[in-house]
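Step one of this worksheet: look at the structure below.
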Amino acid sequence: MSLAVKLQVFEGPLDLLLHLIEKNKVDIYDIPIVEITDQYLEYVRNLHHEDMNIMSEFLVMAATLIDIKCRMLLPKEVDEEGNEEDPRAELVQKLLEYKMYKYMSFELKDKYQDAQKVWFKERTLPKEVAEYVPPLDYDELIGGQNLAGLRSIFESVMKKREDKIDPIRSKFGKIEKDEVDMDAKMIYVQDLIRLQKHCSFRNLLEKQNSKMEVIVTFLVILELMKIGEIMIEQEDAFEDIYITSKEAA
């Protein structure tokens, strides 16, 4: 079937397929693959594009259509549940997704164009009006209260504030972060092991001044084991661990 094609600019092969389906007024769920493939190939034959990346996309889709066309001629494939598989199913799904995003983009474009027609007027209040503060009427504010009544209200407010204070947490001191320089601790441990050649892991940890230093020292020992600078020995379970320099081994 010959088709006089007036070349248009399509955003991609799916855009072209969607155009052909709408032009032929066919059901997207029941695409006449033979007719659509012929029209698609006719367009591709008339397509001249310098960008090979774009051209390759159209050629890949052409190969896909030809593959579907061939599979339609073969006996129907059956899935595990005994249902016949439609070779067009995956292509239909892609077309539906593309159509949805395409019309969503049209909707966003319309909203963007409508938003360009909206204008806002900045606030233009005279300086005197902007700086105006209504006077405070103390008689209206206090009403029928006297000093004794105001004192009672003040004490009630302060009592509520005191009730909100946690008697335990309010006595907590400031928690300060205990920072330990891991690089400096690495140098310290390396120098100690090189000097002693053989030392107790327990004694090494006992020399640390804080829990954070113990943790960092432990990590340093693991790193030195990983890079092969030290060896770890323990004769029996729960016995002390001894660290030996590889240089002394």
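The values are calculated or read from the model by the stated rules, or taken from the named source; none is laboratory data. What you see is a predicted model; the values in this text were computed from it and never measured. As a convention, Cβ positions derive from the backbone with ideal geometry for all residues, glycine included, and neighbour counts pool all protein chains shown.
Which of the residues spanning the stretch 92-114 are acidic (D, E) and either touching a helix residue (DSSP H, G or I) at 6+ places or on another chain (Cβ under 6 Å) or closer than 21 Å to L65 by Cβ (or both)?
The answer is E97, and nothing else.
Out of L224, L195, L205, report the one residue that is at pLDDT 80 or above, touching a strand residue (DSSP E or B) at 6+ places or on another chain (Cβ under 7 Å), part of a helix (DSSP H, G or I) and not charged (D, E, K, R). I'd like the intermediate steps shown before the answer.
Values: L195 fails: touching a strand residue (DSSP E or B) at 6+ places or on another chain (Cβ under 7 Å); L205 fails: touching a strand residue (DSSP E or B) at 6+ places or on another chain (Cβ under 7 Å).
After ruling out the rest, the residue left standing is L224.
Does E57 satisfy being touching a residue at least 24 places away in the same chain (Cβ under 8 Å), in a helix (DSSP H, G or I) and in contact with a Gly (Cβ under 7 Å, 6 or more places away or on another chain)?
On the way: touching a residue at least 24 places away in the same chain (Cβ under 8 Å): yes; in a helix (DSSP H, G or I): yes; in contact with a Gly (Cβ under 7 Å, 6 or more places away or on another chain): yes.
Against the criterion (touching a residue at least 24 places away in the same chain (Cβ under 8 Å), in a helix (DSSP H, G or I) and in contact with a Gly (Cβ under 7 Å, 6 or more places away or on another chain)), E57 qualifies.
Return the total of residues in the stretch 88-126 being in contact (Cβ under 8 Å) with a residue 24 or more places away in the chain and either more than 27 Å from D30 (Cβ to Cβ) or part of a loop (DSSP other than H, G, I, E, B) (or both). I'd like the intermediate steps shown before the answer.
Kept after step one, since they are in contact (Cβ under 8 Å) with a residue 24 or more places away in the chain, are these residues of the stretch 88-126: 88, 91-92, 94-96, 98-99, 102.
With either more than 27 Å from D30 (Cβ to Cβ) or part of a loop (DSSP other than H, G, I, E, B) (or both) added as a condition, the list becomes 88.
Going through the stretch 88-126 one residue at a time, the tally reaches 1.
Only one residue in A89, A130 is surrounded by 10 or more Cβ atoms within 10 Å (Cβ to Cβ) and of a type in the set (A, V, I, L, M), so which one is that?
Details: A130 fails: surrounded by 10 or more Cβ atoms within 10 Å (Cβ to Cβ).
Exactly one of A89, A130 is surrounded by 10 or more Cβ atoms within 10 Å (Cβ to Cβ) and of a type in the set (A, V, I, L, M), namely A89.
So which of L91, L136 ends up being over 30 Å from G228 (Cα atoms) and modelled with pLDDT of 80 or more? Step through it out loud before you land on a result.
Working: L136 fails: modelled with pLDDT of 80 or more.
Step by step, each of L91, L136 is checked, and only L91 is over 30 Å from G228 (Cα atoms) and modelled with pLDDT of 80 or more.
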